[in-house]
Amino acid sequence: MTRSSNRHGIVHRIAVTLVVLTILAACQSDPSNVADTSGEAELESLTAAALAYQAAASAKDSDAVVAMYDATAIMIPPNADIVDEGLEGVQNYQFGFIVTPGVELDFELIRVEVAASGDIGWTFAIGEITIHRDGEEPGRDVVRDFHTWKKQADGSWKIVVDLWNSGMPTG
């Protein structure tokens with residue numbers, strides 16, 4: 001190898017090294033641009049809580065449903081008074097989908113949001129309700145179910161506001 005081609009090889013390696021180092025330096029994370037993965041974790045955690053609520057409701061498991069509410073929860077059922085007695089009010093509420101025989105629920109979680117603070121969030125779901133009665137066509141309803149959730153000290157999520165409405169006409 002000649003001295004000129006050896007020098008050319010060294011210059012080429014230095015140039016390639018400088019280009020690679022420049023690219024690597026440009027790719028280094030700026031702490032102000034790092035994604036907040038804790039927000040994603042909170043979103044996943046709240047989604048799991050909402051799905052657990054839907055599963056408990058669909059299974060007509062009243063104890064599991066009530067356990068999803070915060071001690072300060074309020075409920076706003078369709079065409080009814082606000083149940084604002086905290087957890088005691090929730091415990092005493094007669095959930096129609098639980099107490100009515102022949103009711104089937106099928107929820108679809110539409111949206112989940114968590115505040116930047118990570119301690120409050122909301123979920124929106126649509127539930128299709130089918131009511132089976134002997135000798136009759138099944139009754140159907142579509143409910144829109146909105147929950148506001150509060151993160152608890154243990155990291156779990158509990159419902160603080162439960163608001164839903166029915167697609168059925170009043171009367």
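Could you give the size of the charge dipole of segment 106-171 about its Cα centre, using +1 on the Cβ of each K and R and -1 on the Cβ of each D and E, expressed in debye and rounded to the nearest 20? Kindly include the intermediate steps, with their values, before the conclusion.
Numbers: 7 positive and 12 negative charges, 72 e Å.
That gives segment 106-171 a dipole magnitude of about 340 debye.
Please list, in order along segment 39-46, the HN-Hα scalar couplings obtained from phi with the Karplus expression 6.51 cos²θ - 1.76 cosθ + 1.60 (θ = phi - 60°), rounded to whole Hz, x for Gly and Pro.
Karplus-based 3J(HN,Hα) across segment 39-46 equals x, 5, 5, 5, 4, 5, 5, 5 Hz.
Give me the dipole magnitude in Debye, nearest 20, for segment 38-171 about the Cα centre, with unit charges on the beta carbon: positive for Lys and Arg, negative for Asp and Glu. Walk me through the numbers on the way to the answer.
Numbers: 8 positive and 23 negative charges, 26 e Å.
Value, rounded to 20: 120 debye.
How long is the gain from Ala80 to Glu44 if the chain were fully straight, where each residue apart is worth 0.36 nm and the alpha carbon distance is subtracted? Intermediate results must be reported in sequence, preceding the final value.
Details: separation 36, 0.36 × 36 = 12.96 nm, distance 3.26 nm.
Fully extending the segment from Ala80 to Glu44 adds 9.7 nm.
Under the Karplus relation 6.51 cos²θ - 1.76 cosθ + 1.60, θ = phi - 60°, what is the ordered set of whole-Hz ³J(HN,Hα) values for segment 98-115, x standing for Gly and Pro?
In residue order, the calculated couplings are 8, 7, 8, x, x, 8, 10, 10, 9, 9, 10, 6, 8, 8, 9, 9, 10, 5 Hz.
In nanometres, what is the gap between the two model label sites at Asp61 and Asn165, each 7 Å from Cα along Cα-to-Cβ?
3.1
In nm, what is the difference between 0.36 nm times the number of residues separating Ile126 and Thr100 and their Cα-Cα distance?
Values: separation 26, 0.36 × 26 = 9.36 nm, distance 1.94 nm.
Between Ile126 and Thr100, full extension yields an extra 7.4 nm.
How much FRET efficiency would the formula 1/(1 + (r/R0)^6) give for Arg133 and Thr72, where r is the Cβ-Cβ distance and R0 is 41 Å, rounded to 0.05?
Details: r = 37 Å, r/R0 = 0.91.
Plugging the Cβ-Cβ distance into 1/(1 + (r/R0)^6) gives 0.65.
Once the convex hull of the C-alpha atoms of segment 54-138 is built, how many Å³ does it hold per residue, rounded to a whole number? Walk me through the intermediate numbers first.
On the way: hull volume 10.1 nm³, N = 85.
Taking only Cα atoms, segment 54-138 has a hull volume of 118 Å³ per residue.
What does the charge count near Thr47 come to, summing +1 for each Lys or Arg and -1 for each Asp or Glu among other residues with Cβ under 14 Å from its Cβ? All intermediate terms of the calculation are to be shown ahead of the outcome.
On the way: positive: Arg111, Lys151; negative: Glu40, Glu42, Glu44, Glu108, Glu113.
Local charge sum for Thr47: -3.
Put a dot 7 Å past each Cα toward the Cβ at Arg144 and Asp119; how far apart are the dots in nm?
Roughly 3.0 nm, to one decimal.
Only the coordinates and a few stated rules stand behind these numbers; no lab work does. For clarity, every value in this text was computed on a predicted model and none was experimentally measured. Positions of Cβ are generated from backbone atoms using ideal geometry, with glycine treated the same way; all protein chains shown enter the neighbour counts.
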